[in-house]
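The values are calculated or read from the model by the stated rules, or taken from the named source; none is laboratory data. Quantities reported herein were computed from a predicted structural model and do not represent experimental measurements. Reconstructed Cβ throughout: ideal geometry from the backbone, glycine too, with neighbour counts over all protein chains shown. Accessible surface areas use protein heavy atoms only, side chains included; no ligands, DNA or RNA. Shrake-Rupley method; radii C 1.70, N 1.55, O 1.52, S 1.80 Å.
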Amino acid sequence: MSRLRALGLVAAAALLIPLAAPPSGPGMVAFAQQDDVPAKEAFDAAKELGTIEGWNAFLESYPEGFLSNLARAYVKKLKEGGPDTTRDTAPEPAPTVAQPKAKAKPAAPASEEASAASNEAVSAPAALPGKPAVARGAKYMGFAEQFNRYYTDPAWKPSKTVFVSPDGRGDGASPEAPAAAKDAVLGATPGTKIHFLRGKYDACFNFTKETGGTYDEPVVLYAERNTDKSIGVSMLCCKSGRASCFNFEAADYIAVDGFHMTGGKYGVRVVGEGYDASQHSRGIAILRSTGNDQDRDPFFSGQSDWNVWEANLGFGAKKDDGHGIYISNGSDWNIVRFNETYGNLSSDFQINADPASTCADEGIPFDDPRCDAYAGEGEGGRGASDYFLVEGNYFHDGASSGPNFTSVRRSVVRNNVFGPQVRHNVSFWQETDNPKLGSSDNKVLHNLFITTGKHGVQFTANSTRNLFANNVLLGVTVDGGAVAANPSALLMEVDGTASDNVYRGNLYVSGRLEGREPGNDEISRDDFSASWFAKFPTVVGGSPNDFTPTADSPALGAGKLLADSPADRNGTARAGDVDLGPIEVK
């Protein structure tokens, strides 16, 4: 790593403010250095950092040429009053007087890179476990972030806190006089924190545009923890209306933190007013919560942008839909980190823009810009989901299929463990014949894909121009407590419409490929040994860290550092010859 990348990663780490550790509880990162970074990569890193110090570091290493002249122009702009993100402290909190909710949403943001149609347009924050993926006011994949302030800014304080309990009859001013939860919800205004005291609740809480929050002043629904930090608030979701514990209808900027939701159709349901970008809801954050045994989905959203789904557990979704986490209807700019799903009757995790509903059913052709434009281009993009960060998740042991990335574009998928599943594993595809709606221009980096039969990962239906690098794909059989090689397992399937994908530094273990052969800089092994991993799980209930490579693993030191994956899922820095898959061994 060059001096610039070291500076850029350290400064980026300084911007990531503590929130809470993910399920695996990793620690901080000390970034190492590596030499010989290409000038374009170094320039892009300095641009992402956006500070005078970053540009000066670039100019020290690359003093001449067009990029250097452009870097000097950026320095001049910053000195004349441009943005400077070098601070390492949280911003001052907003005034504690609740502001009225805005009556109209701002237009969808325009990106510096929105017109670029290449893989270079995707650049994910150098996020660390236990920190928010992006700090308040920072850039997210080229856009000014619009996430929930409760997530991005730990310095934020509510203007009012209302305490509630299952049988509350007080005014809610203190834990000793808790109010009824339904009354607190009806009275919520921007800046309100509703503190749910420990206990069991019958839940059917509905929020609308009038009872949501704003970018500066969110509404926070906080569940009190037990003394051992475990979840202390459990909810039985209702069976009437939307049949959700929390239903957000066109509501913006609400955070849900630390609940256990059981039953109903949904645990959390989030929808906008319509399919146009300006009608999407935005700024919902669902954090550290559990949903199980819902008839449809523990966690569901549609027409909803700038959402965060982090450190949640979803399992046991039933036959009416059966997804652990389902993000639909052309939603954009979502963060999905450190979640776990298993035992759901359909895809454990699904992003589906649903162009048949969002475009065709509305009389809009699939090739109309209103359907296939990128997020940030006016009211376009109904038919696709753009600019996702899917990181550090554990999606496994579904009762059916693995994650679906359907019309997902310009996104980063890194450090995840996918599988095994009863049927196939991960699919990048689409539901139309418009090439622009394929799952394309994504970076799929340092993941582990496990299959016991059908495809471990699939690229079809114009899902092309993706970078697939430093991943590990395993074809295995699991019989009781024994794990063995499975030469008949389909590790990867690629059709003729995905010919422009780039594959580098991947490890294919046992199994076979359809549609392509491993490249010269990829590794293929016929053998497999469970001893390559710390404790290869054979039953549901294991941990992602069970897949930590041992000294015997062929994944050790087999890859090259990637700018968009500078650390593993546990926060360990990568440098030099890196380990393949989601976990780095140091």
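Select from the range 254-265 the residues that are under 18 Å from Phe196 (Cα atoms) and crowded, with 24+ Cβ neighbours inside 10 Å and list them in ascending order.
Scanning the range 254-265 gives Ile254, Val256, Phe259, Met261.
Looking at (1) surrounded by fewer than 20 Cβ atoms within 10 Å (Cβ to Cβ); (2) modelled with pLDDT of 95 or more; (3) out of contact with any Asp or Glu (no Cβ under 7 Å at 6 or more places or on another chain), which one does Pro154 not meet, given that it meets all the others?
It fails just one condition, (2).
Could you say whether any residue in the range 411-427 is charged (D, E, K, R) and in contact with a Phe, Trp or Tyr (Cβ under 8 Å, 6 or more places away or on another chain)?
No: zero hits.
Output the residues belonging to the range 542-561 that are open to solvent by less than 20 Å² (accessible area, probe 1.4 Å) and of a type in the set (A, V, I, L, M, F, W, C).
Phe547, Ala555
Of all residues in the range 340-350, which are open to solvent by 10 Å² or more (accessible area, probe 1.4 Å) and among the hydrophobic types (A, V, I, L, M, F, W, C)?
Across the range 340-350, the qualifying residue is only Leu345.
Go through the range 225-248 and give me each residue that's charged (D, E, K, R), within 19 Å of Gly199 (Cβ to Cβ) and either in contact with a strand residue (DSSP E or B) (Cβ under 6 Å, 6 or more places away or on another chain) or open to solvent by 60 Å² or more (accessible area, probe 1.4 Å) (or both).
Within the range 225-248, Asp228, Lys229 meet the criteria.
For Pro132, state whether it is out of contact with any Leu (no Cβ under 8 Å at 6 or more places or on another chain), surrounded by 15 or more Cβ atoms within 10 Å (Cβ to Cβ) and not in a strand (DSSP E or B).
No.
Which condition number in (1) assigned to a strand (DSSP E or B); (2) open to solvent by 10 Å² or more (accessible area, probe 1.4 Å) is the one that Gly453 fails?
(1)
Restricting the range 167-205 to residues that are hydrophobic (A, V, I, L, M, F, W, C) and farther than 26 Å from Gly241 by Cα, which is farthest from the chain's Cα centre (by Cα)?
Ala177
Of the numbered conditions (1) farther than 22 Å from Gly291 by Cβ; (2) assigned to a helix (DSSP H, G or I); (3) open to solvent by less than 10 Å² (accessible area, probe 1.4 Å), Glu217 satisfies every one except a single condition; which is it?
(2)
Looking at Ala534, is it in contact with a Ser or Thr (Cβ under 6 Å, 6 or more places away or on another chain), at pLDDT 95 or above and either hydrophobic (A, V, I, L, M, F, W, C) or loosely packed, with under 15 Cβ neighbours inside 10 Å (or both)?
For Ala534, the condition - in contact with a Ser or Thr (Cβ under 6 Å, 6 or more places away or on another chain), at pLDDT 95 or above and either hydrophobic (A, V, I, L, M, F, W, C) or loosely packed, with under 15 Cβ neighbours inside 10 Å (or both) - is met.
Mind checking which pairs have a first residue in the range 555-566 that is of a type in the set (Asp, Glu) and a second that is at pLDDT below 95, Cβ under 9 Å, 6 or more apart or different chains?
Asp564/Val122; Asp564/Ser123; Asp564/Ala124; Asp564/Ala126
So which strands (runs of 3 or more DSSP E) stay within the range 481-551 end to end and still have 2 or more residues that are over 26 Å from the mean Cα position of the chain (by Cα) and not basic (Lys, Arg)?
Qualifying strands (runs of 3 or more DSSP E): 482-485, 512-514, 523-525.
Could you tell me which numbered condition Gln421 fails, if it satisfies all but one of (1) in contact (Cβ under 8 Å) with a residue 40 or more places away in the chain; (2) farther than 21 Å from Tyr508 by Cα; (3) of a type outside the set (Lys, Arg); (4) in a loop (DSSP other than H, G, I, E, B)?
Single failed check for Gln421: (2).
Please enumerate the residues belonging to the range 431-456 that are polar (S, T, N, Q), more than 22 Å from Ala126 (Cα to Cα) and touching a residue at least 60 places away in the same chain (Cβ under 8 Å).
Once the filter is applied, which keeps residues that are polar (S, T, N, Q), more than 22 Å from Ala126 (Cα to Cα) and touching a residue at least 60 places away in the same chain (Cβ under 8 Å), the range 431-456 yields Thr432, Asn434, Thr451.
I'd like to check something: does the range 390-398 contain any residue that is acidic (Asp, Glu), in contact (Cβ under 8 Å) with a residue 60 or more places away in the chain and on the phi > 0 side of the Ramachandran plot?
Checked against the condition, which is being acidic (Asp, Glu), in contact (Cβ under 8 Å) with a residue 60 or more places away in the chain and on the phi > 0 side of the Ramachandran plot, the range 390-398 yields at least one hit.
Give me the pairs, please: first residue somewhere in the range 526-553 and over 16 Å from Leu448 (Cβ atoms), second residue anywhere and among the aliphatic types (A, V, I, L, M) and not in a loop (DSSP other than H, G, I, E, B), beta-carbon distance under 9 Å, and either six or more positions apart or on two chains.
Hits for this filter: Asp526/Ala485; Asp526/Val509; Asp527/Ala485; Asp527/Val509; Val539/Val478.
Name the residues in the range 361-373 that are surrounded by fewer than 24 Cβ atoms within 10 Å (Cβ to Cβ) and either among the polar types (S, T, N, Q) or in contact (Cβ under 8 Å) with a residue 12 or more places away in the chain (or both), would you?
Glu362, Ile364, Phe366, Asp367, Arg370
I'd like to check which strands (runs of 3 or more DSSP E) are fully inside the range 266-339 and have at least 2 residues that are within 18 Å of Pro403 (Cβ to Cβ) and open to solvent by 10 Å² or more (accessible area, probe 1.4 Å).
313-315
From Glu145, Glu92, Glu120, Glu80, grab the single residue that is at pLDDT below 55 and closer than 23 Å to Val308 by Cα.
The conditions single out Glu92.
Being crowded, with 24+ Cβ neighbours inside 10 Å, out of contact with any Gly (no Cβ under 7 Å at 6 or more places or on another chain), within 17 Å of Ile351 (Cβ to Cβ) and among the aromatic types (Phe, Trp, Tyr) narrows it down to one of Phe395, Phe418, Phe405, so name that one.
Answer to the selection: Phe405.
Search the range 424-448 for residues being open to solvent by 10 Å² or more (accessible area, probe 1.4 Å), of a type outside the set (Lys, Arg) and not in a loop (DSSP other than H, G, I, E, B), and hand back the single one that is farthest from Asn339 (Cα to Cα).
So the residue we want is Pro435.
Of the conditions (1) surrounded by fewer than 23 Cβ atoms within 10 Å (Cβ to Cβ); (2) touching a strand residue (DSSP E or B) at 6+ places or on another chain (Cβ under 7 Å); (3) under 18 Å from Phe147 (Cα atoms), Ala251 clears all except one; give me its number.
(1)
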